[in-house]
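Only one structure is covered here, and it is reproduced in the block below.
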Amino acid sequence: MSDRGAPPYCGAVRTIDWGVDGAIVIIDQTALPQELRTLRITEVDDLVGAIRRLAVRGAPALGAAGALGVLLALRQGRAAGWGEAEVARAIDRVRHARPTAVNLAWGVDRVLARLADGEEAVAAEAIAVLEEDVAANRAMGERGADLLVALCGDGADAGGLRLHTHCNAGALACVDWGTALGVVRTLHERGRVARVYADETRPLLQGARLTAWELGRLGIDHRVVVDGAGASIIARGLVDAVVVGADRVAANGDVANKVGTYPLALAAARAGIPFVVAAPESTVDRATSDGTAIEIEDRGDDEVVAYGGVAVAPVGARAVNPAFDVTPADLVTAVVTEARVVRPSRGERLA
């Protein structure tokens, strides 16, 4: 569907959902901001492809994709006459579609635990994952907003906070509402946001394409920032706090997020401002002791040396393209979930 003439975006269209006709329905994030387009997915191959090409992305949304992927594999397997082994292989392909975000495997495992109870139980559990994500993000927004007002003191009372974010952690990264941007939305509803600085987020521009799109529809004053200028914006005293999402949080509080997050944490520490991570409990990987054990996804050269099919580097140029980086716990002022606030920089652990 087209975005032309649409009302301000407010989550009326979920990022990912289960359709009444037995298909997964997602917003195709590769089409934004030019078009708000939904895709109807009825086969596991198409779901895996959508995950890998980032048509659906963001840790909580990937958790939902993992949950719905189990149901989709069962439905497709029943229609195609697959045996148990074929269904298991299809589910495993969903689980491993992307390696860094722990939520994808979490969503698969949670729903897979109901497999012995039958397809209806699997469907109910998958839908529960979606509904709980929405509730968790709302709770996280309230908790994170309270924390930032407390941390920033007078800055929050003098016309609103100036916030800096990286990549996209809004409704598009979740089923609805958002994690880091959900905190911003809650603050905005309270009249506590003066401006948001959104990094463009190279090489795929999730900040410029997606975060700016969401902020515009929410009516929040914002500026898109070249990635290389992010630390300087903070150093110039233009930012009161940095708030980002996460794709995986280790037990000690090390945080994996979109590459380019770590420099913001360094800049925030130098400037003496809070660096806050908003992520659901499902993003906390209790089995990973620290960030050194997190697998960092490396993506292809083409994302860096070309854009939109147009070369931006000489023929034959190669690239290093890690999708994520790890911010050490001692730089993380707080991790906010739907259930708690943990202070890794004070030595507090998440597990």
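Bear in mind these aren't lab numbers, they're just calculated from the coordinates by the rules spelled out. Just so it is clear, the model here is predicted, and its values are computed rather than measured. Ideal geometry is used to build each Cβ from the backbone, glycine not excepted, and the neighbour counts take in all protein chains shown.
Annotations
- Among Q206, V193, A279 - extreme Cα towards positive end, dipole of region 141-346, charges at beta-carbon: V193
- Remark: the A306-A113 segment gains 65.2 nm on full extension, using 0.36 nm per residue and subtracting the alpha carbon distance.
- Helix 59-80 and the longest principal axis of the C-alpha atoms of the chain enclose an angle of approximately 10°.
- Chain lengthening between R349 and R223 when straightened (0.36 nm per residue, less Cα-Cα): 42.0 nm
- Point-charge dipole on Cβ atoms (K/R +1, D/E -1) for the chain, about Cα centre, debye to 20: 740 debye
- Given the chain, longest segment not containing exposed loop GluC sites (Glu not before Pro) (DSSP; at most 14 other Cβ within 10 Å): 36-294
- Within the chain, antiparallel bridges make up roughly 50 percent of the DSSP beta bridges whose residues both belong there.
- As a ratio to 2.2 N^0.38 Å, the alpha-carbon radius of gyration computed for region 15-149 takes the value 1.07.
- Within the chain, helix-based [θ] at 222 nm, where runs of 4 or more DSSP H residues each add -39,500 (n - 2.57), nearest 500: -11500 deg cm²/dmol
- Neighbours of I51 by Cβ distance under 15 Å: Lys/Arg scored +1, Asp/Glu scored -1, total 0.
- Of the residues A61, L112, P33, the one whose Cα sits farthest towards the positive end of the charge dipole of region 12-169 is P33 (charges of +1 on Lys and Arg Cβ, -1 on Asp and Glu Cβ, taken about the Cα centre).
- Sorted from longest to shortest, the spans of the Cα atoms of the chain along the three principal axes equal 62, 48, 44 Å.
- Cubic angstrom per residue, convex hull over Cα atoms of region 265-335: 153 Å³
- Estimated D of region 141-346 in µm² per second, where Rh is the Kirkwood radius over Cα pairs and Stokes-Einstein applies at 10 °C, 1.306 mPa s: 93 µm²/s
- In degrees, nearest ten, helix 261-271 long axis to first principal axis of the chain (Cα): 20 degrees
- Near R343, once Lys and Arg are set to +1 and Asp and Glu to -1 for all other residues with Cβ below 13 Å from its Cβ, the sum equals +1.
- Debye-sum result for region 94-244 in log10 I(q)/I(0), which assumes one identical scatterer on each alpha carbon, at q = 0.11, 0.14, 0.20 Å⁻¹: -0.50, -0.73, -1.19
- Shown here: region 28-106, whose C-alpha atoms stretch 42, 25, 15 Å along the first, second and third principal axes, sorted largest to smallest.
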